[in-house]
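The values are calculated or read from the model by the stated rules, or taken from the named source; none is laboratory data. Please read all numbers here as calculations on a predicted model, not as lab measurements. Here Cβ is always computed from backbone atoms with ideal geometry, including for glycine, and neighbour counts include all displayed protein chains. Surface areas here come from the heavy atoms of the whole protein model, side chains and all, with no ligands, DNA or RNA. Shrake-Rupley method; radii C 1.70, N 1.55, O 1.52, S 1.80 Å.
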Amino acid sequence: MDLTSNTRASIEDVAARWYARIHAPDCTGRDREAFEKWLRSDPAHWHAYANAERTVRRFDQLIEEDDGLRALADDVCGEPVTTTRRRWAVPAALAASLIVALVAFRMVGFVEHSAPAEVFATRSDQQRDVTLADHSVVHLDVGSEISVNIGDRTREITLTRGRALFDVAKDRERPFMVTAGRTRTTALGTKFQVQQSGERVIVVLAEGSVSVAPFNQETPAEPAPWEERLAPGEQLSVEGRRAPPVKISVDTYMVTSWSRGRLVFRGTPLAAAVEEVNRYSTRKLRVADPSLASLPVGGNFIAGDSELILSAFEAALPLRSVDGGGGEILLFRRYESSPL
């Protein structure tokens, strides 16, 4: 049995066979060491194994509900597939002829269906802290959504929209993977933030270590063209499919201040500060004069107190605000009157 192939199809097959091997009653310590080495050698292996794990869980559910499917599995395995046997006997069959048989038996698309993910979301005026089954804590920002799958070997989260700060419980056996846009961030036990806006994804590491790599859900086993490892205090920005990632150093206390109900600015360009302020306000600020966009601003404010923040900006910067209608406040440059 080849457990080293690297094509997409063979990785999925190898993952299923590894699942069968480590759940078999005669699995040895050497087998487990080899499995761990294979699992850590490529991010695609983590994903393929997670798919195999979810497939088996889904199969367990279906086989209990469908007598015809149970009979088919018994026929493929050559003997009755009991609950105690299924965990190690069925994956081997899945890797061989069972998938083909299932498709013929009205199960088209079976492999792609997994157990339902837990979904957590916030409104545009709401933040939320979520404690996951593995005791990791997710701080969800306003207007954000994640889906969560916690399995025996992996912890998979998808950031559908918005921003989240992940305080990850340490678990060396189960990597914590966050997919956002066309990126995937992988960690074991750490604290990091992921933000998605359109095709732009921003990852900030506060503690520990993470790796970030491109990820395409349509071809999950495809080798990543690049991978970036972040150290605490580093931020990685990824813009779309073709642009190279950009890594910079940031003030993580400032960048994650929203999770504490504050907005902290330290030499932050006005345009970036306004973008943050607008996340928590129904009346939006807009920099109407482009010459103001790069002016540095500083301060520690309560998120959502846009009137106080605007007053502070007007006091510290050469700008004036004008009601633009439609819930907008326009910011223009303020010019001092010349003395007579």
task: Can you confirm whether segment 124-133 contains a residue that is under 29 Å from A15 (Cβ atoms), β-branched (V, I, T), crowded, with 20+ Cβ neighbours inside 10 Å and without any contact (Cβ under 8 Å) to a residue 40 or more places away in the chain?
output: no
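Of all strands (runs of 3 or more DSSP E) completely enclosed by segment 215-283, which ones contain at least 1 residues that are of a type outside the set (A, V, I, L, M, F, W, C) and within 25 Å of Q126 (Cα to Cα)?
Those strands (runs of 3 or more DSSP E) span 262-269.
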message: Take the conditions open to solvent by 10 Å² or more (accessible area, probe 1.4 Å), assigned to a helix (DSSP H, G or I) and over 15 Å from R174 (Cβ atoms) and apply them to D26. Does it pass?
response: no
query: What about A231, is it among the hydrophobic types (A, V, I, L, M, F, W, C) and under 26 Å from N300 (Cα atoms)?
result: yes
- prompt: Going through segment 173-206 one residue at a time, which ones are open to solvent by 50 Å² or more (accessible area, probe 1.4 Å), in a strand (DSSP E or B) and either in contact with a helix residue (DSSP H, G or I) (Cβ under 8 Å, 6 or more places away or on another chain) or modelled with pLDDT under 95 (or both)?
  reply: S197, R200
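When you scan segment 229-251, how many residues do you find that are free of Cβ contacts under 8 Å to residues at least 24 places away in the same chain and either among the acidic types (D, E) or surrounded by fewer than 12 Cβ atoms within 10 Å (Cβ to Cβ) (or both)? Spell out how you get there, then give the answer.
Taking segment 229-251 and keeping what is free of Cβ contacts under 8 Å to residues at least 24 places away in the same chain, we get 229, 242-244, 246-249, 251.
Remaining after also requiring either among the acidic types (D, E) or surrounded by fewer than 12 Cβ atoms within 10 Å (Cβ to Cβ) (or both): 242-244, 248-249, 251.
Residues in segment 229-251 being free of Cβ contacts under 8 Å to residues at least 24 places away in the same chain and either among the acidic types (D, E) or surrounded by fewer than 12 Cβ atoms within 10 Å (Cβ to Cβ) (or both): 6 in total.
Restricting segment 134-154 to residues that are over 24 Å from T252 (Cα atoms) and in a strand (DSSP E or B), which is least open to solvent (accessible area, probe 1.4 Å)?
Out of the qualifying residues, it is V148.
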- request: Residue by residue through segment 158-168, note down the ones that are open to solvent by less than 50 Å² (accessible area, probe 1.4 Å), free of Cβ contacts under 8 Å to residues at least 60 places away in the same chain, out of contact with any Leu (no Cβ under 8 Å at 6 or more places or on another chain) and not hydroxyl-bearing (S, T, Y).
  value: L159, F166
- line: Pairs returned, first residue in segment 300-326 that is acidic (D, E), second residue that is surrounded by 12 or more Cβ atoms within 10 Å (Cβ to Cβ), beta-carbon separation under 7 angstrom, 6 or more apart or interchain, are E314/R320; E314/S321; D323/I329
query: Within the set of pairs 6 or more residues apart or between chains, which connect a residue that is touching a residue at least 60 places away in the same chain (Cβ under 8 Å) inside segment 170-181 to a residue that is of a type in the set (S, T, N, Q) and in a strand (DSSP E or B) with Cβ atoms less than 8 Å apart?
result: P175/T186; M177/T185; M177/T186
- prompt: Residue check, S209 against (1) open to solvent by 30 Å² or more (accessible area, probe 1.4 Å); (2) out of contact with any Lys or Arg (no Cβ under 8 Å at 6 or more places or on another chain); (3) free of Cβ contacts under 8 Å to residues at least 40 places away in the same chain, all met but one. Which one?
  reply: (2)
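Yes or no, residue by residue, for (1) closer than 21 Å to H47 by Cα; (2) out of contact with any strand residue (DSSP E or B) (no Cβ under 9 Å at 6 or more places or on another chain):
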{"position": "V142", "(1), (2)": "no, no"}
{"position": "G151", "(1), (2)": "yes, yes"}
{"position": "D171", "(1), (2)": "yes, no"}
{"position": "P175", "(1), (2)": "yes, no"}
{"position": "T179", "(1), (2)": "yes, no"}
{"position": "T185", "(1), (2)": "yes, no"}
{"position": "G189", "(1), (2)": "yes, no"}
{"position": "F192", "(1), (2)": "yes, no"}
{"position": "A213", "(1), (2)": "yes, no"}
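Table: residues versus (1) of a type outside the set (V, I, T); (2) open to solvent by 30 Å² or more (accessible area, probe 1.4 Å); (3) free of Cβ contacts under 8 Å to residues at least 24 places away in the same chain.
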| residue | (1), (2), (3) |
| --- | --- |
| Y253 | yes, yes, yes |
| T256 | no, no, no |
| R262 | yes, yes, no |
| A271 | yes, yes, yes |
| V277 | no, no, no |
| T282 | no, yes, no |
| A288 | yes, yes, no |
| L292 | yes, no, no |
| V297 | no, no, no |
